[in-house]
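See structure below.
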Amino acid sequence: VQLQASGGGLVQPGRSLRLSCAPSGSRIGFIAMGWYHQAPGKQRELVAAISSVGSTNYADSVKGRFTISRDNAKNTVYLQMNSLKPEDTDVYYCKASTFLNDYWGQGTQVTVSS
């Protein structure tokens, strides 16, 4: 299963971005989908996750600013990123999990800078 992530880019502080991630060529059902970020030299950390029934979990640093959602019909997960800050700059990876496996997308760069 290959996950295709998109939507990253360069934005000014305070602006918004929307990330999307979907598997290519697969209709597999995922029990959970999420977004992680990783800065150079650091471990990959959870940004937000959502279960198949819509339960969500957020990192404290993004609560109130980011919203994760999923379209089960399209097998797609989204991350709406509002009020972006320079410290949100990172590579963002999507992850999708079944009971047996975890799958990762290729990463999309988000840069917040004036």
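The values are calculated or read from the model by the stated rules, or taken from the named source; none is laboratory data. Remember, it's a predicted structure, so these values are computed and weren't measured experimentally. Counting neighbours? That spans all protein chains shown, and the Cβs are built from the backbone with ideal geometry, glycine included. Ligands, DNA and RNA are stripped out before the accessible areas are found, and what is left, the full protein with its side chains, is counted by its heavy atoms. Shrake-Rupley method; radii C 1.70, N 1.55, O 1.52, S 1.80 Å.
Values for this structure:
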{"item": "Under 17 Å from K63, Cα to Cα: lysines that are on another chain or at least 8 residues apart", "result": "K85"}
{"item": "Accessible-area composition of the chain, carbon plus sulfur, in percent [1.4 Å probe]", "result": "47 percent"}
{"item": "Average accessible surface area per residue within the chain, 1.4 Å rolling probe, Å²", "result": "54 Å²"}
{"item": "The chain: most fluctuating residue of G54, G41, G14 per GNM, C-alpha cutoff 10 Å", "result": "G41"}
{"item": "S113 paired with T98, simple spin-label distance in nm, labels 7 Å along Cα-to-beta-carbon", "result": "4.0 nm"}
{"item": "Under 14 Å, Cβ to Cβ, from S61 - net charge with Lys/Arg +1 and Asp/Glu -1", "result": "-1"}
{"item": "Sparsely packed chymotrypsin sites (Phe, Trp or Tyr not before Pro) within the range 67-114, loop by DSSP, other Cβ within 10 Å at most 10", "result": "F99"}
{"item": "Förster-model FRET efficiency, 22 Å R0, S16 and Q38, C-beta, rounded to 0.05", "result": "0.55"}
{"item": "Stokes-Einstein diffusion coefficient of the chain, Kirkwood radius over Cα pairs, 37 °C, 0.692 mPa s, in µm²/s", "result": "234 µm²/s"}
{"item": "Signed unit charges on C-beta, dipole axis of the chain, positive-most listed residue N72, Q2, I31", "result": "N72"}
{"item": "Highest-fluctuation residue, A48, A39, A96 considered, GNM on the chain with Cα pairs under 10 Å", "result": "A39"}
{"item": "N72-N57 pseudo-label distance in nm [points 7 Å out on the Cα-to-Cβ vector]", "result": "1.9 nm"}
